[in-house]
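Participant: Before I ask anything, let me first share the structure, which is written out below as structure tokens.
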Amino acid sequence: MKALVVYAHPNPSSLCAAARDRVTAGLAAAGHEIRLLDLYAEEFIPELSSWEREHHLDDPATKPEIARHAADLRWCDTLVLVYPTWYSAQPAIMKGWIDRVWVNGVAYELPADSNRIRPLLQHIRRIVVVTTHGSSKWVNAVQGEGGKRVAFRSLRVLCSPRCRTTWLALYGADTCSQERRSAFLERVEKKFRTLR
Amino acid sequence: MQVLVVLAHPTAGSLNHAIADRACTALRTAGHDVHLLDLYALGFRAAMTADERAAYHTDEPIVDPLVREHAQLVRTAEALVFVYPTWWSSMPAILKGWLERVFVPGVGFQFNEAGKVRPALTHVRRLVGISTYGSPWPYVKVINDNGRRTIMRTIRINTGTFTRTHWLGLYAIDTATADERERFLERVERRMRSL
């Protein structure tokens, strides 16, 4: 398996950072190939520029600043997103990675005179989300689980039609006990050790 | 009313800019005090920094002067109007980041003694979202409209019980005619006049 792990948290001692380490440990133990993308560490710029907006249908070869990210997406067959849920979805830096990298010619193509896109990431067979929520599962249900919808609907439709999805989430992370946090991290590592 | 209009589109001269212009003009005509925040023009940084994250659960969650200025505008707003293009079924990163960095504890919501989230936007009486979509309406409905959910649910539960909401969407803009765009602008204008 070729796993692209995309990670977004500004604080290197956060629970998300610990979860990321468990993800890579689990994948490595199972003998999978891993590429780790740490958006904060590489100071990824999340704001799609005016130029990018005007050229959003151009050949991605004309956009060298996203070439490496596009190559990673083309390489992987498993996409793993590790992030804290803020305002019910992915942090801005990860939303910006989607806005800027999942463009025409990388994630989809838009046939002329159409507003229906054609998927280009059909080699991705699984999407795994590892996330922490400050608020409870109930509050997140009321808010509509926006992050889950972005990952498992909006992104998934560009992947394999049989792309599987796995949701690993810790709810109530702001107030939960140390035991629950440890149990969550254990669950994450175990899942990645046995991921097929 | 004090109205705060937040615009998130990178290109001056875009349809979203025209929408924000119409909305502001109509609101001023109706006698409201309008403040427009054009996030791209202001050079707003979307990503929450490590310092901000560290300060998030303290008494002083705001460290950036621009964010402090925006938080003050939010605290006095009686209506919030968001104007943005829907990208990836959600708001652009710059607007998502604006919410994350400005709607911090004490501005967008507050924690009670038990650490539970409680409303802090009870002064907001009207919540409006205006968005343009590349996809047609049925696709947006079936797949996802997360930007709308973020505003109409996640922000809405932190406003008052009687806050009213309005949503205006222009769908399938890649194939929309000039006439359809103009009709949408007129719809925006009428809605804002009678807010």
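Participant: Restricting to region B:181-192, and then to whatever is surrounded by 14 or more Cβ atoms within 10 Å (Cβ to Cβ) and charged (D, E, K, R), can you tell me which residue is farthest from B:CYS24 (Cα to Cα)?
Facilitator: Among them, the one singled out is B:ARG181.
Participant: Quick test for you: out of A:LEU81, A:LEU158, pick the one residue that is touching a strand residue (DSSP E or B) at 6+ places or on another chain (Cβ under 8 Å), more than 11 Å from chain B (Cβ to nearest Cβ) and modelled with pLDDT of 90 or more.
Facilitator: That would be A:LEU81, the only listed residue that is touching a strand residue (DSSP E or B) at 6+ places or on another chain (Cβ under 8 Å), more than 11 Å from chain B (Cβ to nearest Cβ) and modelled with pLDDT of 90 or more.
Participant: Name the residue that is nearest to the chain's Cα centre (by Cα), counting only residues in region B:83-132 that are basic (Lys, Arg) and more than 7 Å from every other protein chain (Cβ to nearest Cβ).
Facilitator: B:ARG126
Participant: Which count do you get for residues in region A:31-66 that are out of contact with any helix residue (DSSP H, G or I) (no Cβ under 9 Å at 6 or more places or on another chain) and of a type in the set (Phe, Trp, Tyr)?
Facilitator: Summing the residues that are out of contact with any helix residue (DSSP H, G or I) (no Cβ under 9 Å at 6 or more places or on another chain) and of a type in the set (Phe, Trp, Tyr) in region A:31-66 gives 1.
Participant: Do we have A:TRP86 as over 12 Å from the mean Cα position of the chain (by Cα), facing chain B (nearest Cβ under 8 Å) and over 25 Å from B:TYR171 (Cα atoms) here?
Facilitator: Judged against the criteria, A:TRP86 is a match.
Participant: Just to be sure, is B:ARG53 within 20 Å of the chain's Cα centre (by Cα) and either open to solvent by less than 40 Å² (accessible area, probe 1.4 Å) or among the basic types (Lys, Arg) (or both)? Show your work before the answer.
Facilitator: Numbers: within 20 Å of the chain's Cα centre (by Cα): no; either open to solvent by less than 40 Å² (accessible area, probe 1.4 Å) or among the basic types (Lys, Arg) (or both): yes.
It is false that B:ARG53 is within 20 Å of the chain's Cα centre (by Cα) and either open to solvent by less than 40 Å² (accessible area, probe 1.4 Å) or among the basic types (Lys, Arg) (or both).
Participant: Right, here's the next one. Inside region B:133-175, can you point out the residues that are away from chain A (no Cβ under 12 Å), hydroxyl-bearing (Ser, Thr, Tyr) and within 13 Å of the chain's Cα centre (by Cα)?
Facilitator: Listed by number, the list holds a single entry, B:THR165.
Participant: Looking only at region B:128-146, which residues are hydrophobic (A, V, I, L, M, F, W, C) and surrounded by 19 or more Cβ atoms within 10 Å (Cβ to Cβ)?
Facilitator: Within region B:128-146, B:VAL128, B:ILE130, B:VAL140 qualify.
Participant: Take the residues in region B:93-127 that are closer than 18 Å to A:ASP174 by Cα and in contact with a Lys or Arg (Cβ under 6 Å, 6 or more places away or on another chain); name whichever of them is least open to solvent (accessible area, probe 1.4 Å).
Facilitator: B:ASN112
Participant: Can we say B:THR161 is part of a loop (DSSP other than H, G, I, E, B) and open to solvent by 20 Å² or more (accessible area, probe 1.4 Å)? So that I can check it myself, show each step before the final result.
Facilitator: On the way: part of a loop (DSSP other than H, G, I, E, B): yes; open to solvent by 20 Å² or more (accessible area, probe 1.4 Å): yes.
So B:THR161 fits the description; yes.
Participant: Ok, one more. Pull up region A:125-167, narrow it to residues that are of a type in the set (S, T, N, Q) and part of a helix (DSSP H, G or I), then point me to the one that is surrounded by the most Cβ atoms within 10 Å (Cβ to Cβ).
Facilitator: A:GLN143
Participant: Further question: What helices (runs of 4 or more DSSP H), lying completely within region A:42-115, carry at least 2 residues that are free of Cβ contacts under 8 Å to residues at least 40 places away in the same chain?
Facilitator: In region A:42-115, A:50-54, A:67-75 are the helices (runs of 4 or more DSSP H) which contain 2 or more residues that are free of Cβ contacts under 8 Å to residues at least 40 places away in the same chain.
The values are calculated or read from the model by the stated rules, or taken from the named source; none is laboratory data. These numbers come from a predicted model, not from an experiment. FYI the Cβ positions are ideal-geometry reconstructions off the backbone, even for glycines, and counts take in every protein chain you see. Quick note on the areas: whole protein, heavy atoms, side chains included, nothing else; ligands and nucleic acids left out. Shrake-Rupley method; radii C 1.70, N 1.55, O 1.52, S 1.80 Å.
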